[in-house]
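Some notes on the structure that comes next.
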Amino acid sequence: MSLIIDVQQVTKKYGNNTALNNVEFSLESGAPVALVGPNGAGKTTLFSLLCGYIQPTSGNINILGHSPGNSALFGRLSALPQDAQLDPRFSIAMQLNFYARLQGMSSKQAKIDTLRVLDMVGLQDATKSLPAELSHGMRKRATIAQALLGSPEIVMLDEATAGLDPANAKEIRAIVAEHADNVNFILSSHDLNELERLCDRVLYLESGHLKQHQTQDNNVNTRYITLRVKQAYQDLIPKLSIIPSVEKIEMTQDKEYLLTINSALSANNVEIDLLKILIKNNWLYSHIINGKTLENQLF
Ligand code: ADP
C-alpha cells in the first residue's frame, strides 16, 4: 500500500486561536478514513489545508508526493464541502460538463465523464433535470458526482449525509462502499454508526488535537464484543463472567455491555458460549457486535 497523505507537525492559527495543534498522521491508500470531532474541533480547517485553500502556520503536508494546491494535484484530489450548492439555472449534466471542462477535458471527454459519474451515483436519468426538480438526496448525489469527475484518487466528503433521511443517507453510504476500492475516501460525519460501518480508520480531532483510533485492536489476544440486550436482566454480568475467555464485562450504557475477551484464556468459541447463556436464560438481545462500537472507542 502506498502513502497518499503525510501530515507532519501541522499547526494552524487564526490570530490567537489555534485551530490545529501539532497534528501528525499519515494515510495509506485503502478503505475509507473517518474524520470525527465535535464542532470547532478543526475538521474543516484540516480539509481546507489538505485542499490547499489555506496554508498551515507551521508544519508540512504532502499529498500524493506534492504540496497541497500544487497544480500536479489537479484532478487527483477533490473535496465536497458540506454546503456545496448546485447552480439553480442549469441542468445537472450541463453543470458537471462545465466542471469537467474546467479540469481540462475535451468537450467529448467531458460528456463521457459526466455520464460516467452520474451513473456512479444512480442519477443517469436525471441528466436534463434542473436542481429544483430533484429531491434533496438526489441533489446531494449530484454534488458527489461532481466530486468524482476526472476519477480523483482522493475524495473528501464533508458531512455528506447530514440532513438526509435514512433512506437517502443509506444510498450515499452505498455509493461510498461501492467505489471504495478505486477511490480513497475521507469522510467527516457526526454519525458514528455510519463511519463505523464504512471506515477502517478514524482520525478523531478534539480542540485542534488529533487522536487516532483503529477500529481493530492490535493486541492479538484481546478483542471485544459489544452486547446490547432488550431489557435490563438481573445477574447478566455474573452469568456471562463464567465464559472462560471473558476477562472483563463493563456496562457501557443502559442495556449495553462491553466484553473484553482474552483468547489466551480459552480456545472455546466465545460467541457460542454467549448465545447459549442468552438462550438458557431467555434473554433477548438486540445486537452483538464483534469489536467496540466507535462511540465506545472514542468516548
Ligand atoms: P470544525 O469543522 O471541526 O467545526 P473548524 O475547522 O471550522 O472546526 O474550526 C476550528 C476552530 O478554528 C474554531 O475555533 C473556529 O472558530 C476557528 N476558525 C475556523 N475558521 C476560522 C477563520 N476563518 N477565522 C478565524 N477562526 C476560524
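The values are calculated or read from the model by the stated rules, or taken from the named source; none is laboratory data. These numbers come from a predicted model, not from an experiment. Here the Cβ is made from the backbone with ideal geometry for all residues, glycine too, and neighbour counts use every protein chain on show. The protein model used for the area step is the full one, side chains on, heavy atoms only, and it has no ligands, DNA or RNA in it. Shrake-Rupley method; radii C 1.70, N 1.55, O 1.52, S 1.80 Å.
The requirement of being open to solvent by 50 Å² or more (accessible area, probe 1.4 Å) and out of contact with any strand residue (DSSP E or B) (no Cβ under 8 Å at 6 or more places or on another chain) is fulfilled nowhere in segment 283-294; no residue meets it. Within segment 232-278, the residues that satisfy the criterion of being touching a residue at least 40 places away in the same chain (Cβ under 8 Å) and assigned to a strand (DSSP E or B) are Thr252, Asn262. Checked against the criterion of being of a type outside the set (Ser, Thr, Tyr), within 19 Å of the chain's Cα centre (by Cα) and buried (at least 16 other Cβ atoms within 10 Å of the Cβ), segment 55-75 has at least one qualifying residue. Listed by first and then second residue, the pairs with beta-carbon distance under 9 Å, at least 6 apart or on different chains, first residue in segment 171-194 and touching a residue at least 60 places away in the same chain (Cβ under 8 Å) and over 17 Å from Gln146 (Cα atoms), second hydroxyl-bearing (Ser, Thr, Tyr) and open to solvent by less than 40 Å² (accessible area, probe 1.4 Å), are Ser189/Thr161; Leu192/Thr293; Asn193/Thr293.
Which of the residues spanning segment 4-35 are open to solvent by 40 Å² or more (accessible area, probe 1.4 Å), assigned to a strand (DSSP E or B) and either within 12 Å of the ligand (Cβ to nearest atom) or not acidic (Asp, Glu) (or both)? If the condition is that a residue be open to solvent by 40 Å² or more (accessible area, probe 1.4 Å), assigned to a strand (DSSP E or B) and either within 12 Å of the ligand (Cβ to nearest atom) or not acidic (Asp, Glu) (or both), then Gln8, Gln9, Lys13, Tyr14, Asn17, Thr18, Asn21, Asn22, Ser26 are the ones that fit.
Residue under question is Ser91, and the condition is that it be among the hydroxyl-bearing types (Ser, Thr, Tyr), open to solvent by less than 40 Å² (accessible area, probe 1.4 Å) and more than 15 Å from the ligand (Cβ to nearest atom); does it hold? So Ser91 fits the description; yes.
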